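Read through the structure below, which is laid out as structure tokens, and then see the notes.
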Amino acid sequence: QVQLVESGGGLVQAGGSLRLSCAASGRTFDISVMGWFRQAPGKERELVASSRKSISLTYYADSVKGRFTISRDNAKNTMYLQMNSLGPGDTAVYYCAAKKYSVDLTTLSYDYWGQGTQVTVSS
């Protein structure tokens with residue numbers, strides 16, 4: 001089993017920045033892909049960004065390209081999402097997720113999920 005704990009959400013004004021963290025524990029050696037999802041009220045959960053564990057490959061949704069950066073510190077089993085130039089459209093609950101034995105950065109099927117952290121961007 002793998003446990004994921006997100007932190008770093010909060011309230012920020014439009015144009016501001018936040019950095020989310022996701023700390024993984026447990027059988028982390030099985031994890032090959034980690035991602036950030038978000039879900040706004042009344043909308044489906046969407047994949048925001050993902051990263052391969054072993055090599056430097058990443059994916060970003062078009063809506064966040066150039067504004068968000070995903071990174072990982074494998075020694076600390078922690079993943080980050082740096083979010084810049086935030087707008088009200090980025091308001092959502094952000095979830096960290098982890099997938100075993102996969103190389104697919106665009107999959108929506110993950111094995112483990114965090115509890116989510118709220119990000120609210122005021123205009």
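The values are calculated or read from the model by the stated rules, or taken from the named source; none is laboratory data. Just so it is clear, the structure is predicted and the values come from calculations on it, not from any experiment. Backbone-built Cβ (ideal geometry, glycine too); neighbour counts: all protein chains shown. These area figures cover heavy atoms from the full protein model, side chains too; ligands, DNA and RNA do not enter into them. Shrake-Rupley method; radii C 1.70, N 1.55, O 1.52, S 1.80 Å.
Worth a mention:
- When 123, 63, 56 are screened for being surrounded by fewer than 16 Cβ atoms within 10 Å (Cβ to Cβ) and in contact with a helix residue (DSSP H, G or I) (Cβ under 7 Å, 6 or more places away or on another chain), only 123 passes.
- Sub-6 Å Cβ pairs linking a first residue in the range 94-120 that is modelled with pLDDT of 95 or more to a second residue that is open to solvent by less than 70 Å² (accessible area, probe 1.4 Å) and among the polar types (S, T, N, Q), at least 6 apart or interchain, are 94/117; 120/91, ordered by first then second residue.
- First in the range 43-58 and in contact (Cβ under 8 Å) with a residue 12 or more places away in the chain, second anywhere and surrounded by 15 or more Cβ atoms within 10 Å (Cβ to Cβ) and part of a loop (DSSP other than H, G, I, E, B), Cβ under 6 Å, 6 or more apart: 48/61; 48/64; 50/105
- Evaluated against (1) out of contact with any helix residue (DSSP H, G or I) (no Cβ under 8 Å at 6 or more places or on another chain); (2) touching a residue at least 40 places away in the same chain (Cβ under 8 Å), residue 83 falls short on exactly one condition, (1).
- Condition check for residue 111: open to solvent by 20 Å² or more (accessible area, probe 1.4 Å), of a type in the set (Asp, Glu) and over 12 Å from the mean Cα position of the chain (by Cα): yes
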